[in-house]
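Engineer: Mind looking over this structure? Questions follow.
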Ligand SMILES: Nc1ncnc2c1ncn2[C@@H]1O[C@H](COP(=O)(O)OP(=O)(O)OP(=O)(O)O)[C@@H](O)[C@H]1O
Ligand SMILES: [Mg+2]
């Protein structure tokens with residue numbers, strides 16, 4: 001299927017994904033878990049990605065970071081700051097990851113080295129990528145730990161990850177990811193390990209620091225209240241495909257895709273800090289397998305029609321809004 005946005009036009013954005021797919025090899029076969037995702041992100045913009053468990057949200061971010069499992073591979077293009085992340089040699093990708101692209105992982109322990117003091121782990125990026133002397137880098141690290149409200153930051157910097165609670169480790173991850181002032185932060189459910197009462201506070205802190213440094217964010221979240229509060233735009237993923245995408249405010253108040261409508265059935269109040277996880281939609285989520293030409297949501301869709309045997313392209317349906325559904329005729 002052709003992508004609607006020409007590559008040349010997308011070059012003006014900070015990030016332009018063009019038919020990005022993620023495949024996993026297994027037992028002689030192949031599963032596609034992210035399927036021809038195309039989207040763009042401007043400098044400083046905050047894009048939310050929502051979709052139920054297994055829809056491919058994390059794998060999409062891992063593909064951008066070059067961190068897919070050994071049986072995975074990504075195809076398509078991911079133009080970031082003028083370079084295609086998917087075809088960069090490892091050394092060049094390392095430079096990008098340390099300097100202008102960083103990620104907060106769903107599970108902070110996977111990203112922290114258990115044998116290294118927190119301060120040293122934070123300082124590493126500044127030493128290697130910005131050439132800061134060790135003492136200055138450690139001072140910066142300590143300042144950032146203080147900024148994310150880790151008590152007694154200079155002492156905390158000398159501790160090891162296992163000496164922190166899950167919530168504190170998540171704050172350390174946020175500090176680490178933002179310390180290098182990246183152009184783009186990939187945040188995969190960055191507050192799930194935190195107590196519900198402080199999730200909003202930590203997210204606000206993350207956003208505040210990102211705004212100061214002009215950092216754009218792709219935020220994977222299950223929390224529609226968070227999307228309403230902090231995202232400029234939102235993309236809804238189902239079965240590895242973008243079903244709908246648009247400005248957060250209009251998407252939440254007027255979703256068009258039957259899946260997005262089910263997902264966003266209860267529009268979160270904009271002032272709400274935290275809302276419950278996504279509502280349940282009848283039927284089972286699509287499980288991985290060979291890619292079918294049909295819409296992956298069709299088996300669960302109450303508006304299914306014969307045309308759904310062919311997945312429609314994601315096309316413009318209004319100002320900044322895109323939809324992949326036969327229900328809505330082209331304007
Ligand atoms: N190494 C692998 N080999 C085969 N399939 C994999 C592999 N890693 C992940 N997958 C599959 O990729 C699909 C997408 O997974 P992903 O982790 O991106 O989901 P997600 O949308 O982030 O879900 P959640 O909300 O639960 O975090 C899942 O079906 C998962 O089982
Ligand atoms: Mg995930």
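Engineer: If one takes the longest principal axis of the Cα atoms in the chain, at what angle in degrees, from 0 to 90 and to the nearest 10, does the Cα axis of helix 90-99 lie?
Structural biologist: So the inclination is approximately 70 degrees.
Engineer: Still on this structure, I have one more. With every atom except the alpha carbons ignored, what do you get for Rg and Dmax of the chain, in angstroms?
Structural biologist: Both quantities, over Cα of the chain: 20.1, 66 Å.
Engineer: Looking at the chain as a GNM with Cα springs under 10 Å, which of 92, 187, 156 has the largest mean-square fluctuation?
Structural biologist: Sorting by GNM fluctuation, first place goes to 92.
Engineer: Spin-label point model (7 Å from Cα, Cβ direction): what's the residue 69 to residue 90 distance in nm?
Structural biologist: That separation, rounded to one decimal, is 2.0 nm.
Engineer: Within a 10 angstrom radius of the beta carbon, how do 215, 197 rank from fewest other beta carbons to most?
Structural biologist: On the way: 215 25, 197 9.
In order of increasing Cβ crowding within 10 Å: 197, 215.
Engineer: Further, regarding this structure: How much length, in nm to one decimal, is gained on full extension between residue 253 and residue 149, taken as 0.36 nm per residue of separation minus their Cα-Cα distance? Walk me through the numbers before you get to the answer.
Structural biologist: Numbers: separation 104, 0.36 × 104 = 37.44 nm, distance 3.46 nm.
Gain in length upon complete extension: 34.0 nm.
Engineer: Averaged over all directions, how much area does the convex hull of the C-alpha atoms of the range 64-204 cover when projected, in nm²?
Structural biologist: On the way: hull surface 36.4 nm².
Result: a mean projected hull area of 9.1 nm².
Engineer: Going by alpha carbons, how many degrees (0 to 90, nearest 10) lie between the helix axis of 166-179 and the longest principal axis of the chain?
Structural biologist: The helix 166-179 is inclined about 90 degrees to the chain.
Engineer: Separate question: Calculate for the chain the 222 nm mean residue ellipticity that helices alone would give, adding -39,500 (n - 2.57) per DSSP H run of length 4 or more and normalising by residue count, nearest 500 deg cm²/dmol. The partial results should precede the final answer.
Structural biologist: Numbers: 11 runs with 105 residues, N = 331.
For the chain, the value works out to -9000 deg cm²/dmol.
Engineer: How far, in nm, would the chain grow between residue 162 and residue 198 when pulled straight, counting 0.36 nm per residue and subtracting the alpha carbon separation? Walk me through the numbers on the way to the answer.
Structural biologist: Values: separation 36, 0.36 × 36 = 12.96 nm, distance 2.09 nm.
Fully extending the segment from residue 162 to residue 198 adds 10.9 nm.
Engineer: Arrange the peptides 102-112, 145-155 so that the one whose residues have, on average, the most other Cβ atoms within 10 Å appears first.
Structural biologist: Details: 102-112: 19.5, 145-155: 16.3.
The densest-packed peptide leads the list: 102-112, 145-155.
Engineer: With the chain treated as a Gaussian network of Cα nodes joined by springs under 10 Å, which of 300, 171, 241 yields the largest mean-square fluctuation?
Structural biologist: For the chain, modelled as a Gaussian network with Cα springs under 10 Å, the answer is 300.
Engineer: How large are Rg and Dmax for the range 107-179 when only the alpha carbon atoms are used, in Å?
Structural biologist: Expressed in Å, the Cα Rg and Dmax of the range 107-179 come to 10.9, 31.
Engineer: In addition: To test your reading of the geometry: what angle, between 0 and 90 degrees and rounded to tens, separates the Cα axis of helix 134-147 from the longest principal axis of the chain?
Structural biologist: Helix 134-147 sits at roughly 60 degrees to that axis.
Engineer: Under a 10 Å cutoff between Cα atoms, tell me which one of 245, 140, 208 has the largest fluctuation in the Gaussian network model of the chain.
Structural biologist: Result: 208 has the largest fluctuation of those listed.
Engineer: Which shape class, rounded, prolate or oblate, goes with the range 148-204 when its Cα gyration tensor gives a ≥ b ≥ c as root eigenvalues, a/c under 1.5 marks rounded, and past that a/b bigger than b/c marks prolate? Walk me through the intermediate numbers first.
Structural biologist: On the way: a/c = 1.81, a/b = 1.15, b/c = 1.57.
Note, shape of the range 148-204 comes out oblate.
Coordinate-derived values only; no laboratory data. Treat the numbers as computed from the prediction; the structure is a model and nothing was measured. Heads up, the Cβs are rebuilt from the backbone with ideal geometry, glycines too, and the neighbour counts pull from every protein chain shown.
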